[in-house]
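> Have a look at this one before I ask anything.
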Ligand SMILES: Cc1cc2nc3c(=O)[nH]c(=O)nc-3n(C[C@H](O)[C@H](O)[C@H](O)COP(=O)(O)OP(=O)(O)OC[C@H]3O[C@@H](n4cnc5c(N)ncnc54)[C@H](O)[C@@H]3O)c2cc1C
């Protein structure tokens, strides 16, 4: 027998969960969330170690209730223009209200109350120092759920939704999208008046393909390509005291490219990402309260937009990541910055001589210059040298660089302001639709789409 619901939500990441909450609290609609992954408690590292091992590092437990990074560091960037941009969608005032509301919901479900809110003379001094080096420091209020707390917070969220009548269909994959209907793996049909698709970055290619079949226009967005940098934690201590995830924006001299720090994990771990489709590898990072390392890692990313003849930024990013995977013998490449600048490969012997012990061991010491385009390598070296003027020691010869770190951008799916596509009743939200790039913004777009559905039902949003 076919499944039925008033609203079917595809994906139980922040976008899907917050959409379900909004609908459950403001309507009597029957809501069914379809999620291909597992419940939160079954997704965590069995030994609670999260030491970047290939098998159970959080980066490899991406799918499931809670979505991608929520079960990683779960860092909430409490600004509407970080991790996407909510201003064009709802305007400045409403965007801030949404961010505050998302934060309050995470607090309700048990997120730690500690708020990192950079302000005061120390911040002014950092801003001044950065400006003098041609670097922009972006102060952002942040809260960190933490890898060890996240499964509990998401479990509380899910249980509350279930109490409010939301049903979950777990470990079922949606394979086809249509007007008012979904096709699940095994061919089973699910009929719903409204469908909200929030499949995250892992589902973005699938969503783009389904949109193409349905005649919904899409647009390629710029991609971020670079490395994960690892330095001794002591070097980052002064800025980590000011901001949990300090964000620095830099324009490079030679190419005038935009380079930024992203996802800083103070006393954290670098971890391995393996893309299911073809074994292509990448790196990421995470941190937690209970287990700490002696290092700090952060992504250092170059933004690349493409025009004709190759507009497909995903294809470009995959090409690069596959090349690195190949050169690294199926593992990411690690190199000391000093070796990269001197034009020689790193070896385990050279890495061991440096003063940064890698927190990810499933890597091949090698030469990043053989694998990443010259423009990106130049941007990374120039960018780190500028950043070194703000954080002395960041560009030391023994600084470790892991490649590839690629932040794929989903195609932006064409929608109206309520995030409804040209197919009536079909809404999209979150990273998979190119609407967000972070937990808070993804959650906010889920709420916007849910309010679009409420509006169509004539209910107050
Ligand atoms: C390792 C890592 C760490 C991160 N850390 C942070 C951080 O600290 N702070 C931050 O703001 N952002 C972080 N991010 C980014 C953040 O996780 C995402 O921006 C956010 O989770 C996007 O939410 P979403 O709901 O759009 O998608 P997702 O969270 O990706 O959720 C989508 C869900 O849909 C499911 N799904 C996909 N396709 C289908 C299908 N066909 N059928 C059924 N289910 C499907 C997936 O299994 C997934 O659970 C991190 C990302 C990663 C990978």
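The values are calculated or read from the model by the stated rules, or taken from the named source; none is laboratory data. Just so it is clear, the structure is predicted and the values come from calculations on it, not from any experiment. Using ideal geometry, Cβ is built from the backbone for each residue, glycine included, and neighbour counts are taken over all protein chains shown.
> Can you tell me which residue in the stretch 257-267 is farthest from residue 300 (Cα to Cα), limited to those that are within 16 Å of the ligand (Cβ to nearest atom) and not in a loop (DSSP other than H, G, I, E, B)? Give the derivation first.
Initial filter on the stretch 257-267 (within 16 Å of the ligand (Cβ to nearest atom)): 260-267.
With not in a loop (DSSP other than H, G, I, E, B) added as a condition, the list becomes 260-266.
Values: 260: 6, 261: 5, 262: 6, 263: 9, 264: 9, 265: 12, 266: 15 Å.
Filtering first and then ranking leaves 266.
> Would you tally the residues in the stretch 323-353 being assigned to a helix (DSSP H, G or I) and over 21 Å from residue 232 (Cα atoms)?
Step one: list which residues in the stretch 323-353 are assigned to a helix (DSSP H, G or I), which gives 323-327, 337-342, 348-353.
Next cut, over 21 Å from residue 232 (Cα atoms) only: 323-327, 342.
Within the stretch 323-353, residues that are assigned to a helix (DSSP H, G or I) and over 21 Å from residue 232 (Cα atoms) number 6.
> Something else about it: Is it fair to say residue 356 is in contact with a strand residue (DSSP E or B) (Cβ under 6 Å, 6 or more places away or on another chain), in contact (Cβ under 8 Å) with a residue 40 or more places away in the chain and in a loop (DSSP other than H, G, I, E, B)? Can you show your working first?
Details: in contact with a strand residue (DSSP E or B) (Cβ under 6 Å, 6 or more places away or on another chain): yes; in contact (Cβ under 8 Å) with a residue 40 or more places away in the chain: yes; in a loop (DSSP other than H, G, I, E, B): yes.
It is true that residue 356 is in contact with a strand residue (DSSP E or B) (Cβ under 6 Å, 6 or more places away or on another chain), in contact (Cβ under 8 Å) with a residue 40 or more places away in the chain and in a loop (DSSP other than H, G, I, E, B).
> Please go through (1) touching a strand residue (DSSP E or B) at 6+ places or on another chain (Cβ under 9 Å); (2) farther than 20 Å from residue 205 by Cα; (3) within 12 Å of the ligand (Cβ to nearest atom) for residue 444 and return the number of the only condition it doesn't satisfy.
(1)
> Which residue out of 98, 126 is over 21 Å from the mean Cα position of the chain (by Cα), touching a residue at least 40 places away in the same chain (Cβ under 8 Å) and assigned to a helix (DSSP H, G or I)? Show your work before the answer.
Values: 98 fails: over 21 Å from the mean Cα position of the chain (by Cα).
So the residue among 98, 126 that is over 21 Å from the mean Cα position of the chain (by Cα), touching a residue at least 40 places away in the same chain (Cβ under 8 Å) and assigned to a helix (DSSP H, G or I) is 126.
> Name every residue in the stretch 391-405 that is in contact with a strand residue (DSSP E or B) (Cβ under 8 Å, 6 or more places away or on another chain), outside any strand (DSSP E or B) and buried (at least 22 other Cβ atoms within 10 Å of the Cβ), in order of residue number.
Residues of the stretch 391-405 in contact with a strand residue (DSSP E or B) (Cβ under 8 Å, 6 or more places away or on another chain): 393-394, 396-405.
Checking the rest, the ones that are also outside any strand (DSSP E or B) come to 393-394, 396-399.
Within the stretch 391-405, 394, 399 meet the criteria.
> Further, regarding this structure: For the stretch 142-177, name all the residues that are near the ligand (Cβ under 9 Å from one of its atoms) and without any contact (Cβ under 8 Å) to a residue 40 or more places away in the chain.
Of everything in the stretch 142-177, just one residue is near the ligand (Cβ under 9 Å from one of its atoms) and without any contact (Cβ under 8 Å) to a residue 40 or more places away in the chain, namely 175.
> Cβ-Cβ under 7 Å, sequence separation 6+ or interchain: first residue in the stretch 59-76 and within 11 Å of residue 149 (Cα to Cα) and near the ligand (Cβ under 6 Å from one of its atoms), partner modelled with pLDDT of 70 or more and assigned to a strand (DSSP E or B). Which pairs?
Pairs that qualify, where the first residue is within 11 Å of residue 149 (Cα to Cα) and near the ligand (Cβ under 6 Å from one of its atoms) and the partner is modelled with pLDDT of 70 or more and assigned to a strand (DSSP E or B), are 72/286; 73/144; 73/265; 73/286; 74/144.
> Regarding residue 287, is this residue more than 22 Å from residue 380 (Cα to Cα) and within 11 Å of the ligand (Cβ to nearest atom)?
Details: more than 22 Å from residue 380 (Cα to Cα): yes; within 11 Å of the ligand (Cβ to nearest atom): yes.
For residue 287, the condition - more than 22 Å from residue 380 (Cα to Cα) and within 11 Å of the ligand (Cβ to nearest atom) - is met.
> Mind listing whichever residues of the stretch 377-392 are closer than 15 Å to residue 341 by Cβ and touching a residue at least 24 places away in the same chain (Cβ under 8 Å)?
Pass one, the stretch 377-392, residues closer than 15 Å to residue 341 by Cβ: 377-388.
377, 378, 379, 380, 381, 382, 383, 384, 386, 387, listed by residue number.
> May I pose another question? Going residue by residue through the stretch 178-196, is there one that turns out to be more than 12 Å from the ligand (Cβ to nearest atom), over 19 Å from residue 13 (Cα atoms), under 18 Å from the mean Cα position of the chain (by Cα) and buried (at least 19 other Cβ atoms within 10 Å of the Cβ)?
Taking every residue of the stretch 178-196 in turn, none turns out to be more than 12 Å from the ligand (Cβ to nearest atom), over 19 Å from residue 13 (Cα atoms), under 18 Å from the mean Cα position of the chain (by Cα) and buried (at least 19 other Cβ atoms within 10 Å of the Cβ).
> What's the number of the condition residue 106 fails, among (1) free of Cβ contacts under 8 Å to residues at least 60 places away in the same chain; (2) assigned to a loop (DSSP other than H, G, I, E, B); (3) buried (at least 21 other Cβ atoms within 10 Å of the Cβ)?
Condition not satisfied by residue 106: (2).
> Checking the conditions here, which among 386, 417 is outside any strand (DSSP E or B) and assigned by TED's automatic domain parsing to the domain that holds residue 306?
Values: 417 fails: assigned by TED's automatic domain parsing to the domain that holds residue 306.
It is 386.
> Another question, if that's okay. Taking the criterion of being more than 9 Å from the ligand (Cβ to nearest atom), in the same structural domain as residue 79 (by TED's automatic domain parsing), touching a residue at least 60 places away in the same chain (Cβ under 8 Å) and not in a loop (DSSP other than H, G, I, E, B), would at least one residue in the stretch 428-439 satisfy it?
Initial filter on the stretch 428-439 (more than 9 Å from the ligand (Cβ to nearest atom)): 428, 434.
Then keep just the ones that are in the same structural domain as residue 79 (by TED's automatic domain parsing); that gives 428, 434.
Filter once more, keeping what is touching a residue at least 60 places away in the same chain (Cβ under 8 Å): 428, 434.
After this cut, where a residue has to be not in a loop (DSSP other than H, G, I, E, B) as well, the list is 428.
Yes, the conditions are met somewhere in the stretch 428-439.
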